[in-house]
Amino acid sequence: LGKMAEQERLGGDAGALNVSIHPLVIINISDHFTRKRFLSGRPERVVGLLLGTQEGRNVEIFNSFECVHTFVNDKLVLNQEYLATKMDLYKKTFAKYEPLGWYSTGYEVTDADIEIHKEICSINDNPLYVLLDTRVSAADKELPLQVYESEMHMVSDVATMSFVKTPAKLETVEAERISVEQVSHLQASGSGSTAEALTAHLGGLQSAMRMLNQRVGIITQVMEAMHRGEIPIDHTFLRMSKSLCNRLPAIDTQQFRGQFHNEYNDTLLLTYLTTLTKGANTINDLVDKYNLSYEKQGRRRGLF
């Protein structure tokens, strides 16, 4: 810990990187950790790759994606083939983005982080390491995020890698600011300002339908009991029931049927369009994967 504190002080030199992190990166890491915890039922460490641009000492991290990994002899090993595939796909969409480092969740830097960092060095000679502390406290006023660079030092005539804490700032554009503001207003139920009004409206309709169904059921039970002779016939109750039933044909008109069928057909068409869109998206992903695999096979044949 003493060596780490010393390295952190050295990280404040004038030659340190100017690191800017966009909110999408933090949201991606938080979402990755939350989904992993929900699926496994316990907090688990997550690992991913950082993407962005670098011009001289100015580094801007725009996006990130998850990394597939396995454990071999209690050592975390990244799937390099998956990394290469994901980077190729991102390169086609965001040509300016390059891998800048990796992220993880945890409370402090460990020896295992050094080993993972060495693996990432095969992608970037001097990668950054972003560590997100997942311990949430209402008293915290700053983002629980730390950014580290790596440095090589000679310790007992052996080259040893160590981490140096690097200052970082949050950078946003207008579109990100609007999105983050919307996310920040979301409640635990997933409802925002607009969605909340819709949820309340649909909830009211559901309650009304449930109450109507219960009351119709009570009327049916009473009339069946009268028919079986279990209770005396109440003519006042029968007249009120008949009056209620006579109101139903009032909406059974040709105009009502036309409007109902139009709305029903519109709903079916929208559902059909949604299904087609999802299918087209799935086919597009499959074609991209096939093209990527075909290009790799073509390059391999070209070598021979």
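Where a number appears in this text, it was derived from the coordinates with a stated rule and is not lab data. Bear in mind the structure is a predicted one, so any value in this text is a computation, not a measurement. Virtual Cβ from ideal backbone geometry, glycine too; neighbours counted across all protein chains shown.
Between Thr110 and Ala200, what is the FRET efficiency for a Förster distance of 51 Å, r being their Cβ-Cβ separation, to the nearest 0.05?
The value I calculate is 0.60.
Starting from 0.36 nm per residue, how many nanometres of slack lie between Arg247 and Glu55 once their C-alpha separation is accounted for?
Additional length available on full extension: 61.7 nm.
For a quick check: with amide H placed at 1.01 Å from N, whose amide H comes under 5 Å from Gly101's, ignoring anything fewer than 5 positions away on the same chain?
Residues meeting the amide H criterion: Leu50, Leu128.
Within the set Lys141/Lys169; Lys118/Lys289; Lys91/Lys289; Lys75/Lys118, which residue pairs have Cα atoms separated by over 19 Å?
Lys118/Lys289
If I take R0 = 22 Å and measure r between the Cβ atoms of Asn281 and Glu44 in this structure, what FRET efficiency does the formula 1/(1 + (r/R0)^6) give, to the nearest 0.05?
Computed FRET efficiency for Asn281 and Glu44: 0.15.
Considering amide H positions built from the backbone, and no H for Pro or chain starts, which residues 5 or more places from His22, or on another chain, come under 5 Å of its amide H?
Amide H neighbours of His22, under 5 Å, 5+ apart: Ile61, Glu171.
What distance in nm lies between label points placed 7 Å from Cα along the C-beta direction at Thr271 and Ala159?
The answer from the label model is 6.4 nm.
Modelling each spin label as a point 7 Å along the Cα-to-Cβ direction, I'd like the Ile27/Leu143 distance in nm, to one decimal.
Here the modelled spin labels are 1.3 nm apart.
Once the Cβ-Cβ distance between Tyr82 and Lys118 is put in as r, and R0 is 22 Å, what FRET efficiency do you end up with, to the nearest 0.05?
0.75
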